[in-house]
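Note sheet for the following structure.
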Amino acid sequence: VYELWFKELDVEISSVLDMMKDLRQIDVMMLTIVSRLQRVTVIMKILVDQIKVLETMTPLDFLDFRHELGTGTGFQSVQFRLIEAKLGIRQGDRVGHGKTYKEQYKPRHEDYGKQLNKAEERGSTLFDLLESWLESRADQTFWEKYCKGIDEFMKEEEEREMKKGRLQQHRETKHSFEEFKVKSGYMKKKFRLSFEAAQGAIMIIQKRDDPRFHTSYQLVSLLMDLDSLLMHWRSEYLYFVVTLYNAVHY
């Protein structure tokens, strides 16, 4: 069942990538992109819930048919790894466990390496395309007003925090923002998202109630939901695997 859902995720995400490759067409296709991503998040919620079904089995019940699944399950799924690559997870950012995923399953999936390399091509992942789109939305005038508003808020907050005896904590927060609002300081934080893309994302979030930015905010919000769901699924699945391993070996 997982593999069927992974296939559907792959199809939906690939279609979103195709629509986002041309920056000039993203606004035209925005409603369709949002609709596809809504479907992706619903599927991810189903995948998370399905783990609860597996948890109703005893470890021995699950092991009775686990070997029949081969690499078609969870983290070992070739389709899941391809989905991660298309979303923008880089091979170098993965936690190493001896052989890479490509090397481990190369005999069984000869074309896997080619598919993964294509999915990871610079500029072709969802992260890369989203970053380019957000950069195109960055507005220097908005950013200057935003920073000015934050500075005024920090000044007012400093007076309140001083009365509460929490001035040191406030100064640390203020220092962090001072670094963040200029590109040189932002780059020191080693965020993967570019400074200009971060500006664009903040503007969209701040102007989410403006009809002109409503669908753009839906896109950003859905991607944050997707990121959260992926982390939730990984943690739930890992917990299930660890519980299974402990039950069998101890």
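The values are calculated or read from the model by the stated rules, or taken from the named source; none is laboratory data. Being a predicted model, the structure only gives us computed values, none of them experimental. Quick reminder, even Gly has a Cβ in these numbers, built from the backbone with ideal geometry, and neighbours come from all protein chains shown. To get the accessible areas, we keep the full protein, side chains included, count just its heavy atoms, and leave off ligands, DNA and RNA. Shrake-Rupley method; radii C 1.70, N 1.55, O 1.52, S 1.80 Å.
For region 128-250, rounded, prolate or oblate, judged on the Cα gyration tensor with a ≥ b ≥ c (square roots of eigenvalues), a/c < 1.5 rounded, else prolate if a/b > b/c? Working shown, then result.
Details: a/c = 2.38, a/b = 1.42, b/c = 1.67.
Oblate, since a/c reaches 1.5 and b/c is not below a/b.
Which of the peptides 198-208, 12-22 is most tightly packed, and how do the rest follow, going by the mean number of other Cβ atoms within 10 Å of each residue?
Values: 198-208: 18.7, 12-22: 16.7.
Those peptides, ordered most packed to least, come out 198-208, 12-22.
Length gain on complete extension for the stretch Arg212 to Val11, per 0.36 nm per residue less the alpha carbon to alpha carbon distance?
Values: separation 201, 0.36 × 201 = 72.36 nm, distance 2.89 nm.
Additional length available on full extension: 69.5 nm.
At 1.4 Å probe size, what's the solvent-accessible area of Thr58? Round to the nearest 10 Å².
70
Can you tell me how region 179-243 classifies by the Cα gyration tensor, rounded, prolate or oblate, using a/c under 1.5 as the rounded cut?
Values: a/c = 4.50, a/b = 1.44, b/c = 3.12.
Note, shape of region 179-243 comes out oblate.
What is the gain in length, in nm to one decimal, between Glu144 and Phe177 on full extension, counting 0.36 nm per residue of separation less the C-alpha to C-alpha distance?
Values: separation 33, 0.36 × 33 = 11.88 nm, distance 1.35 nm.
Full extension from Glu144 to Phe177 adds 10.5 nm.
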